[in-house]
Amino acid sequence: MKFNVSPMECGSCAVLVPRVLKALDPGAEVKVDLLAGTVDVAGALDAGQVVAALAAEGYSAVPAEPAPKSCCGTCHG
């Protein structure tokens, strides 16, 4: 699941966000993209748990909209 997360602007955020989520699901894979302001989470947590955990740390998180699909894959990748 991908989430748009704000404010997420520095290296401390890139360390804190995975730490918070892995405390709830130690087996989770968490990838932070500071430039895009996104977090990818793979594991046992559902979207509500991710949003709540990050909100408790002062972040606003919402599930990211999936990229549009095209019929042939050439215009949207």
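A few notes on this one:
- Rounded to the nearest 20 debye, the dipole size of the chain about its Cα centre is 100 debye, using +1 on the Cβ of Lys and Arg and -1 on the Cβ of Asp and Glu.
- The chain, helix-only ellipticity at 222 nm - DSSP H runs n ≥ 4, -39,500 (n - 2.57), divided by all residues, nearest 500: -9500 deg cm²/dmol
- Look at the alpha carbon pairs under 8 Å that are at least 6 residues apart: their mean separation over the length of the chain gives a relative contact order of 36 percent.
- Angle between the chain longest axis and helix 11-24 axis [Cα atoms, degrees, rounded to 10]: 80
Computed from the coordinates by the stated procedures, all read-outs in this text should not be read as laboratory data. Small disclaimer: the values here were computed from a predicted structure and weren't measured. Virtual Cβ from ideal backbone geometry, glycine too; neighbours counted across all protein chains shown.
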